[in-house]
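Encoded as structure tokens, the structure appears first; notes follow it.
Where a number appears in this text, it was derived from the coordinates with a stated rule and is not lab data. Everything quoted here is computed from the prediction, not taken from an experiment. A quick note on method: Cβ atoms are made from the backbone with ideal geometry, for glycine too, and the neighbour counts reach across all protein chains shown.
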Amino acid sequence: MQNISFDDGHIDLSINGDESKIIRIYPSDIALIERFNDAINNIEEKIKSLPDDVEINQAGEAIEQLGESAQIIRETRQYVNEQIDYIFDSPVSKTVFGNQSPLSSPGGEFLVERFLNAVAPVINKTIQADVKAREARIKKYTGQVKKK
């Protein structure tokens, strides 16, 4: 089989400095922005839809471990992981969160929020650099056109 190689714009990120926890993302993928926004909205809606009587401890588990509350939290946790995988079009949630629930709330903030707040600037920086590079390339060609 023949192979072709080209820069597909991916970057590898280690999670919290752990070189054994690497995710590959494609921040130049225009659809990433759409998926990111969609997933954030979906996650927020899912969390808002939790019944008022379902209480979550700092580990992201239902305080009442038996019955309906535990099932609701389990389904929400799975949904959040699926949304994270959807954003990056790759199964990254297991690498990012391990066995910890994305609903865990160290310091009062959901772990999924902490992750998204950490990765968003990386994506934005790459997008801005891509835009500058694209503009420079376009200017190179449009600058060659003489005005009459």
Study note, to complete from the structure: Diffusion coefficient in µm²/s returned for the range 1-53 by Stokes-Einstein, Kirkwood Rh over C-alpha pairs, 25 °C and 0.890 mPa s, is 170
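Just to confirm a number: summing +1 for Lys and Arg and -1 for Asp and Glu over residues other than Lys132 whose beta-carbon lies under 14 angstrom from that of Lys132, what do you get?
+3
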**Study point:** Neighbourhood charge, 10 Å Cβ-Cβ cut-off, centred on Tyr86 and excluding it, Lys, Arg +1 and Asp, Glu -1
**Key:** -3
Check your understanding: Quick one: length gained pulling Ile30 to Ala129 fully straight, 0.36 nm per residue minus the C-alpha distance?
Key -> 34.3 nm
Review point. Roughly what would the spin-label model give for Arg74 and Asp12, points 7 Å off Cα along C-beta, in nm?
Key: 3.6
Exercise for review: First select every other residue whose beta carbon is under 14 angstrom from the beta carbon of Leu32; then total the charges, Lys and Arg +1, Asp and Glu -1.
Suggested key: -4
Check your understanding: So what's the projected area for the chain, the Cα convex hull averaged over all directions, in nm²?
Key -> 14.1
Practice item. Between Asn3 and Asn41, take the C-beta separation as r, use R0 = 35 Å, and let me know the FRET efficiency to the nearest 0.05. Key: 0.35
Check your understanding: Between Ala120 and Ile22, how many nm apart are label points set 7 Å from Cα along the C-beta direction?
Key -> 2.8
Point to revise | Of Ser90, Gly17, Gln144, farthest towards positive along the dipole that unit charges on Lys, Arg, Asp, Glu beta carbons give the chain | key: Gln144
